[in-house]
Amino acid sequence: MNKYFSLVLFVHSIFALPFAIIGFFLAVNTTAYGFDWVKLLLMLACMVFARNAAMAFNRYLDRHIDAVNPRTAMRDIPAGKVTPSQALAFTIINCILFVIATWFINLICFSLSPVALAVVLGYSYTKRFTPLCHLILGLGLGLAPLGAYMVVAGAFHIVPIFYALAVLFWVAGFDIIYALQDEEFDREHQLSSIPAWLGKRKALNVSEVLHVLSAIFVILPMFFMPLGWFYIAGIVFYCALLIYQHRIVSPSDLSKVDRAFMTTNGVASVVFACFFLMDMVF
């Protein structure tokens, strides 16, 4: 199993999972539906299955690109740790498990499960034809808080949509920062990305705009539900880390991209979710 955990980089779940927890407990605390351990476990299972399928399929589809990119040549498929057929089989199994899990949640989640899979799997194709691929990745992760809310409530609501949009713009923004490393490679191999399209400086400007939008959408719930000082503290911390990652990355210095991508954003999502939960409790 270790090679499959390496294939899907389970640690990347830390980006969307805290927002899924926010969506779940938002529904628990603002609707007539109470807390249900079974639904929580099913929601977590869906998160894992969808993430596994998305990352494994991305590695499968990009295997030839990864093999010629010095930065990615040691990923599992190019390095021979996992065969393409194993990665594809792993993708299919996780897609099936995802749909089965939604069946046990409610009808709307089951009905929309193919749509969710189409988004998270379809992202892997987008770099081949549009620089807006970063937004599609953000959309895939942005489904987490909305889907988790629907697990409990079985319906849409404006506040989880705000969180979905916050995640969409947040993820798209930091994915652009991560893609700065491959600007020249993408351009040379006719792959689409914001850095390859606009260059490093303008790409960072786009990333900043997207992160401002993300900040706006984590603030907007305050106008639609009672939220207190813990939530405000969470907003301040979240926005501070958005600013921080733009301070440590510049067009001439990409040495701290990994810190901005993984550490800063991982901490931002986890701590923001903790402040949200404390606000719900206290």
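The values are calculated or read from the model by the stated rules, or taken from the named source; none is laboratory data. These numbers come from a predicted model, not from an experiment. Note: ideal-geometry Cβ built from the backbone for every residue, glycine included; neighbour counts use all protein chains shown. Areas reflect the complete protein model, heavy atoms only, side chains present, ligands, DNA and RNA absent. Shrake-Rupley method; radii C 1.70, N 1.55, O 1.52, S 1.80 Å.
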| message | Just want to confirm a number: the relative contact order over the stretch 7-128, from Cα pairs under 8 angstrom separated by 6+ residues, in percent. | response | 30
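Quick check for me: using +1 on Lys/Arg Cβ and -1 on Asp/Glu Cβ, what's the dipole size of the chain about its Cα centre, in debye to the nearest 20?
Values: 17 positive and 14 negative charges, 57 e Å.
Result for the chain is approximately 280 debye, rounded to the nearest 20.
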| query | With contacts defined as alpha carbon pairs under 8 Å and 6 or more residues apart, what's the relative contact order of the chain in percent? | reply | 21
| remark: Charge dipole of the stretch 152-225 built from unit charges on the beta carbon (Lys, Arg +1; Asp, Glu -1), centred at mean Cα; most positive-end Cα among Ala179, Val167, Gly199 is Val167
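What is the extension gain from Leu112 to Ile248, computed as 0.36 nm multiplied by their sequence separation minus the C-alpha to C-alpha distance, in nm to one decimal? Walk me through the numbers before you get to the answer.
Details: separation 136, 0.36 × 136 = 48.96 nm, distance 3.95 nm.
Using 0.36 nm per residue and subtracting the Cα-Cα distance, I get 45.0 nm.
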| said: Rolling a 1.4 angstrom probe over the protein chains, ignoring ligands and nucleic acids, what is the accessible area of Tyr178 in square angstrom, nearest 10? | reply: 50
| note | Excluding near-sequence neighbours (fewer than 8 apart on one chain), the chain holds lysine pairs with C-alpha atoms under 29 Å apart numbering 10
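Can you pull the percent of the chain's accessible area that's carbon plus sulfur, 1.4 Å probe, other chains left in place? List each step's numbers first, then the result.
Details: 9200 of 12940 Å².
Summing carbon and sulfur atoms, their accessible area is 71 percent of the total for the chain.
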| Relative frequency of Cα-Cα separations exceeding 32 Å in the chain, percent | 23
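Tell me, what is the FRET efficiency for Leu41 and Phe230 to the nearest 0.05, using R0 = 30 angstrom and their Cβ-Cβ distance as r? Numbers along the way, then the final one.
Values: r = 26 Å, r/R0 = 0.87.
Result of the calculation: an efficiency of 0.70.
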| said: Taking a cut-off of 24 Å, what percent of all Cα-Cα pairs in the stretch 173-282 are separated by more than that? | reply: 33
| said: Assuming 0.36 nm per residue, please report the length gained on full extension of the stretch Ala73 to Arg259 beyond their Cα-Cα distance. | reply: 64.9 nm
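What does the charge dipole of the stretch 160-278 about its Cα centre add up to, to the nearest 20 debye, if the Cβ of each Lys and Arg holds +1 and the Cβ of each Asp and Glu holds -1? Don't jump to the answer; show the numbers that get you there.
Working: 7 positive and 9 negative charges, 70 e Å.
With Lys and Arg at +1 and Asp and Glu at -1, about 340 debye.
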| query | Just the Cα atoms of the stretch 5-153: what Rg and Dmax do they give in Å? | reply | 16.1, 54
| request: Determine the order of Asp76, Asp258 by accessible area, beginning with the largest, at a probe radius of 1.4 Å. | output: Asp258, Asp76
| task | Over the stretch 31-157, average the accessible area per residue using a 1.4 Å probe and give it in Å², no decimals. | result | 47
| message | Could you work out [θ]222 nm for the chain from helices alone, using -39500 (n - 2.57) per DSSP H run of at least four and dividing by all its residues? Round to the nearest 500 deg cm²/dmol. | response | -23500 deg cm²/dmol
| request: Calculate, in whole percent, how much of the Cα-Cα pair population of the stretch 66-211 lies beyond 25 Å. | output: 41
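Leaving out ligands and nucleic acids, and using a 1.4 Å probe, what accessible area per residue does the stretch 195-270 come to in Å²?
Details: 3900 Å² over 76 residues.
Here the residues of the stretch 195-270 average 51 Å² of exposed surface.
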